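A quick write-up on the structure given underneath.
The values are calculated or read from the model by the stated rules, or taken from the named source; none is laboratory data. Source: prediction; values computed, not measured. Glycine gets a Cβ as well: all are built from the backbone with ideal geometry, and neighbour counts include every protein chain shown. The accessibility values were calculated without ligands, DNA or RNA, using every heavy atom of the protein model including side chains. Shrake-Rupley method; radii C 1.70, N 1.55, O 1.52, S 1.80 Å.
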Amino acid sequence: MKWTVQVNLPSDIPVVGVEIIPSVRVINPALEDIPAHSFSFSWYRFLKRIACSVHCDKLATVQCACCARLNLQVEESYHCSTSCFLNEWKNHLERHLRAAETFNTNDGQEARKTRSCGSWSAVVYEDAKRWEQEKEWMKVGSSKYYIPTMDDIGAILRLEYAAMDSKGSLFFPISTIQTKPVIVAPDSISRCIIQCPLNGQSFNPKGHSSTDLTFSVLSYNILADMYASMGRHSYCPTWALVWEYRRNKLLHEIIQYDADIICLQEVQDVHFENFFKPELTKCGYSAMYKKKTQPIYSKGQSTIDGCATFYRHKLFKEIMKYELEFGKTASKLVEALEPHLIKDSYRLFKDNVALVAILETPNNERTHDFFQSRICVANTHIFANIDCPDVKLFQVVKLVTGLEKIVDCQIPLLICGDFNSLPSSDPHRFIVTGRCDPISNGVEDPCGIFNHLKLCHSIPLVSAYASFLVTLGVEEQQKRMNTEANEPQFTNFTPWFSGTLDYIFYTADSLRVEGLLELVDRESLGAGIPSTIWPSDHIALMANFRLKPPTRFKRCSQPPPLDPWQIGSK
């Protein structure tokens, strides 16, 4: 046959409620034209739930190959793991020898087969091959995809597939692929909001109006599937890295937080359109998305990620949106460089983006004196390479420079995202102090761009999580803070790196932090994330805000700028 059909499952361990989407492709080594064809699929559930012969409370995942071939002592041939089988091997081998003696008197050929099953390598089937009889399989589906149910717990699934030509004849023989027993996903760990009264004071309802605008903001790098599939997370079980598993966990977590504004990073374009946008629309959110400018090749196709912002449409409406591409903003800067430095300017043309939206509350009872309050929300993902601190600073400075023009219109500002910069870095220092001196800090400037950047700003930006350090009664949270940097000890946690890269910054003269999503202790994360419980290598950050009343913050009716970065607005 000139061609073959290759079918792979995303994982050999199915999980209840997680859609199984097999990858199917026709391989043609001869590079000849493949005739028109279609596929048929059938899913079956193995009716027997077989227990381990040693640990009766555990399901079997390994069977002795010798026992399976010869149908010897079938009930005693199953084990819950290879280590279980190894520990029991001495006793198991004695069963083989006793069976050999029986066959020796009745059937010399069978005896020789049994005696040949003495080595470890010939004994174990890692894919848990079962004593299979057709009457023990029940058909449960006839489409390409299958979602295991509670009825499937502990059962093995089998996918039967075939390819047919345009006349309905078999184009490729019927083949099967089999899973390990279906499992139930572990429960997620709930995180609660910790109240943060100003300067540790108790909440005073007389100091607030029932019409004050209060809202919550969530920022979360969800770990794009294209990066989770690169083999960097071998510490996480393969089945927990499957996108269909992680997306369910992510959606459940995001919905549970119930934020009014959601800023996500590393959202693949197809996942935004086909999953997050429709699912969160059902929950009352409007959505916007900005993808990066350069796709990468992953899983046999070109794919790209970006930033997605969602807002509760009953609370806000969009009045302006800006899409910032940092590669484009580099063009004018490069034109101003000295000729001998231009050759290294390629390092500035990265595909990172920012999505900036100005939202307005409808004229309703929630706003103070029926004033239509506006806020600006910036969502960004800064370049990650640790060897390019100049590029990180360039992107952050460009972002803040444009945002400063919006703040000049008396619009409160929130900046959320993954900045890929530690609290001690120049990008962080620039944001929270309003200035930085990278040259004095020893940062290399191979393109000579620092002399062309406005390394100061006048926006009173503060990190939301710094509020934990001025709040009484939150000692456990303060233990999880870096008190020198006024930031969490980490937001990204893997076996090889632990540090804070994600932030929520806000304008302190117009907004007040009233609550923060509790931080996570290292012990609860195990060796690193993602894991079976945590679906990303980052943790989510969330803050509750109150818009300060007009007497504390001067509002004006000046319209926001149409083009703060001089690159065109949408």
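Could you check, for the range 252-269, whether at least one of its residues is open to solvent by less than 10 Å² (accessible area, probe 1.4 Å), part of a helix (DSSP H, G or I), among the hydroxyl-bearing types (Ser, Thr, Tyr) and in the same structural domain as residue 380 (by the TED database)?
no
Determine which member of the set 439, 459, 431 is hydrophobic (A, V, I, L, M, F, W, C), in contact with a strand residue (DSSP E or B) (Cβ under 8 Å, 6 or more places away or on another chain) and farther than 23 Å from residue 499 by Cα.
The match here is 459.
Residue by residue through the range 146-197, note down the ones that are part of a loop (DSSP other than H, G, I, E, B) and over 26 Å from residue 51 (Cβ atoms).
Listed by number, the residues that qualify are 166, 167, 168, 169, 188, 189, 190, 191, 192, 196, 197.
Would you be able to say whether some residue in the range 536-546 is touching a Leu at 6+ places or on another chain (Cβ under 9 Å), of a type in the set (Lys, Arg) and more than 15 Å from residue 222 (Cβ to Cβ)?
yes
Kindly indicate the residue of the range 270-297 that is within 24 Å of residue 228 (Cα to Cα) and either among the hydroxyl-bearing types (Ser, Thr, Tyr) or outside the structural domain of residue 376 (by the TED database) (or both) and also most open to solvent (accessible area, probe 1.4 Å) among those meeting that condition.
Out of the qualifying residues, it is 297.
Can you tell me which residue is most open to solvent (accessible area, probe 1.4 Å) among those in the range 332-360 that are under 32 Å from the mean Cα position of the chain (by Cα), without any contact (Cβ under 8 Å) to a residue 60 or more places away in the chain and farther than 25 Å from residue 260 by Cα?
So the residue we want is 346.
Which one of 549, 530, 564 is within 19 Å of the chain's Cα centre (by Cα) and either crowded, with 17+ Cβ neighbours inside 10 Å or at pLDDT below 95 (or both)?
On inspection, the qualifying residue turns out to be 530.
For residues that are among the β-branched types (Val, Ile, Thr) and surrounded by fewer than 21 Cβ atoms within 10 Å (Cβ to Cβ), tally how many sit in the range 472-514.
Qualifying residue count, the range 472-514: 2.
Look at the range 423-450 and say how many of its residues are in contact (Cβ under 8 Å) with a residue 24 or more places away in the chain, surrounded by fewer than 17 Cβ atoms within 10 Å (Cβ to Cβ) and among the hydrophobic types (A, V, I, L, M, F, W, C).
Final tally of qualifying residues: 1.
Being surrounded by fewer than 19 Cβ atoms within 10 Å (Cβ to Cβ) and either outside the structural domain of residue 362 (by the TED database) or over 19 Å from residue 271 (Cα atoms) (or both) is the filter here, so list the residues in the range 298-314 that pass it.
The answer is 313, 314.
Within the bounds of the range 300-316, is there any residue that is free of Cβ contacts under 8 Å to residues at least 12 places away in the same chain, within 30 Å of residue 10 (Cα to Cα) and part of a helix (DSSP H, G or I)?
Within the range 300-316 (the criterion being free of Cβ contacts under 8 Å to residues at least 12 places away in the same chain, within 30 Å of residue 10 (Cα to Cα) and part of a helix (DSSP H, G or I)), the answer is no, since none of the residues qualifies.
Can you pull out every residue in the range 153-205 that is open to solvent by 60 Å² or more (accessible area, probe 1.4 Å), modelled with pLDDT of 90 or more and within 30 Å of residue 512 (Cβ to Cβ)?
189, 190, 192, 195
Out of all the residues in the range 8-43, which are modelled with pLDDT of 90 or more, open to solvent by less than 40 Å² (accessible area, probe 1.4 Å) and assigned to a strand (DSSP E or B)?
15, 20, 41, 42, 43 - these are the residues of the range 8-43 that are modelled with pLDDT of 90 or more, open to solvent by less than 40 Å² (accessible area, probe 1.4 Å) and assigned to a strand (DSSP E or B).
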